[in-house]
Ligand SMILES: [Zn+2]
């Protein structure tokens with residue numbers, strides 16, 4: 001009996017152990033929901049588990065050398081089915097159906113995701129999973145395995161499914177054919193239909209440890225431990241390898257500049273200037289509020305600045321608040337409770353951005369909530 005050996009899926013020891021035990025004892029469930037923040041490894045785990053199930057290796061799977069493993073990597077394995085959220089434009093549709101160009105685009109996206117599962121999408125519009133794609137997957141699952149024992153389906157970002165797509169998927173989920181394993185991934189379990197949740201074994205993915213992230217980034221990017229870009233990215237990424245990968249590519253100072261500008265607005269008294277500042281930010285760096293990736297990145301940096309502020313002042317060192325005097329006087333407090341509330345406010349705003357809320361509105365709510373904390377801090381005796 002071949003054993004599962006993780007090679008590309010990083011950190012998440014508990015999840016690794018659970019799946020390995022089930023795999024090695026031939027006791028895997030029919031349907032899993034991998035739930036975790038973007039970039040913590042839900043899709044990479046799904047891809048590696050699927051590769052292991054389809055692998056022909058005699059002792060250790062996946063071997064990444066056999067014909068099956070090669071087919072998976074080329075996204076040409078007949079027993080691996082995948083769907084991912086995509087942004088469709090006009091040429092991807094003909095009438096209400098997917099056009100030929102649409103199908104070609106889906107195949108291209110799927111190949112990209114299978115090859116680089118840790119890379120996060122920089123989506124600007126409203127991603128969706130077209131119902132045709134789910135139907136295609138259903139057909140193929142019903143046909144059963146053609147090469148080996150297992151037929152595996154990976155469905156990523158299932159919270160973006162509309163009712164039609166979800167209903168189409170429920171049929172397969174309710175009565176999966178034997179030797180079929182469905183792996184669903186989501187970053188927002190609360191947005192997943194209860195009927196879907198109740199049919200899956202749920203595995204929760206937490207943050208990845210910094211040392212694991214550093215080692216993984218060094219391997220992925222072929223760089224050394226001295227690399228400050230890697231160190232900075234790991235510090236800012238809050239346990240998400242996907243986020244760290246995106247951050248490595250961004251110049252830190254520029255990003256922190258935007259985050260500081262946003263924090264400065266939190267401490268600004270004149271509402272007219274707040275409105276102007278926000279409009280400049282959303283209209284410029286956030287590309288008319290459509291660049292959700294950038295909005296999330298800026299909020300991530302604000303969280304970093306807040307965390308650094310508390311840690312920095314505790315250690316008596318320089319921190320980024322010192323460069324924003326108005327914020328420093330108030331938000332640069334050592335009060336961990338205030339910092340925690342600010343981090344919650346950031347998280348909530350990130351949630352709003354991820355749910356594709358109006359960026360201007362999300363940031364306005366963010367500013368109002370942050371000001372409240374800052375004002376409370378000001379009123380406290382020192
Ligand atoms: Zn193999």
Nearest 10 degrees is fine. How inclined is helix 163-174 to the longest principal axis of the chain, computing both from alpha carbons? 50
The range 137-202-the range 335-382 distance, computed between alpha-carbon centres (Å): 36
Which three lengths, in whole Å and largest first, does the chain cover when its Cα atoms are put on their principal axes? 70, 49, 35
Using a Förster distance of 41 Å, the FRET efficiency for residue 140-residue 378 (Cβ separation, nearest 0.05): 0.10
Can you tell me the 0 to 90 degree angle between the C-alpha axis of helix 359-379 and the longest principal axis of the chain, rounded to 10? 50
Restricted to the chain, the DSSP antiparallel beta bridge percent, nearest 5, is 15
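Between residue 272 and residue 250, what is the FRET efficiency for a Förster distance of 22 Å, r being their Cβ-Cβ separation, to the nearest 0.05?
0.10
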Tell me the angle of helix 210-221 to the major Cα principal axis of the chain, expressed in degrees between 0 and 90 and rounded to the nearest ten. 70
Only Cα pairs within less than 10 Å get springs; with that Gaussian network setup on the chain, which residue of 243, 97, 113 has the largest fluctuation? 97
Quick one: length gained pulling residue 103 to residue 280 fully straight, 0.36 nm per residue minus the C-alpha distance? 59.9 nm
Between residue 25 and residue 223, what is the label-point separation in nm under the 7 Å Cα-to-beta-carbon projection? 4.2
What distance in nm separates the simple spin-label points at residue 343 and residue 59, each placed 7 Å from Cα in the Cβ direction? 4.4
Asserting the computed 222 nm helical MRE of the chain (DSSP H runs at least 4 long, -39500 (n - 2.57) per run, divided by residue count, to nearest 500) equals -17000 deg cm²/dmol
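Since every read-out is calculated from the coordinates, none of them should be taken as a lab result. Computed from a predicted structure; not experimentally measured. Using ideal geometry, Cβ is built from the backbone for each residue, glycine included, and neighbour counts are taken over all protein chains shown.
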